[in-house]
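Participant: Structure below; questions to follow.
No lab work stands behind these numbers, since they all come straight from the coordinates. Treat the numbers as computed from the prediction; the structure is a model and nothing was measured. In this analysis, Cβ positions are derived from the backbone assuming ideal geometry, glycine residues included, and neighbour counts consider all displayed protein chains.
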Amino acid sequence: QVQLVNSGGGLVQAGGSLRLSCQASGSIFSINAMGWYRQAPGKERAFVALIMSDGTTNYADSVKGRFAISRNNARNTVYLQMNSLKPEDTAVYYCFCQVKTVITWGQGTQVTVSS
C-alpha cells in the first residue's frame, strides 16, 4: 500500500503563490503517476495536474501557464507550484498516486484565494 502526506496550502491574496507538497511512502517502487485534483464547494472533484514516471506532465486548461508540477525522486515527493492564483482556485486540493491500476488519495489540503 501507498501512504500520502500533503503539506502546504493556506490563505493567499489573488495574484499570490503557494506550493503544495505530497510525499509518498510504502509500496512506491512502481509509481506510474502522481498529481493533484481539487474540489471546490458545491462542485465535483476536478483534475489539476499530474506527472508521470517518465517526467511527462499534464495540466488542466484552467491552470496551464500558472501552475507547475515537479518531483524529487529521492524524496518520493511531488510539488505543485501555484502562481498567479485566482479566487476560482479556491478548493481542497487532493494529492493522488497511481500504482498500476490502484489510485491512492491524500487527505486533502485547503487552498483559499481572497480577492
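Participant: Please compute the length gained on full extension between Asn73 and Asp61, using 0.36 nm multiplied by the number of residues separating them and subtracting their Cα-Cα distance.
Facilitator: 1.7 nm
Participant: Which value in Å is the Kirkwood Rh of the stretch 18-109 over different Cα pairs?
Facilitator: Taking every pair of different Cα atoms in the stretch 18-109, averaging 1/r and inverting gives 13.4 Å.
Participant: Kindly state, to the nearest 0.05, the FRET efficiency for Asn83 paired with Asn32, given R0 = 30 Å and r defined as their beta-carbon distance.
Facilitator: E between Asn83 and Asn32, to the nearest 0.05, is 0.65.
Participant: Here's a follow-up. Students often get this wrong: which residues of the stretch 43-79 have the backbone nitrogen under 14 Å from the point 7 angstrom along Cα-to-C-beta of Ser25?
Facilitator: Correct set: 75-77.
Participant: Report relative contact order for the chain in percent, whole number only (criteria: Cα-Cα under 8 Å, sequence separation at least 6).
Facilitator: 37 percent
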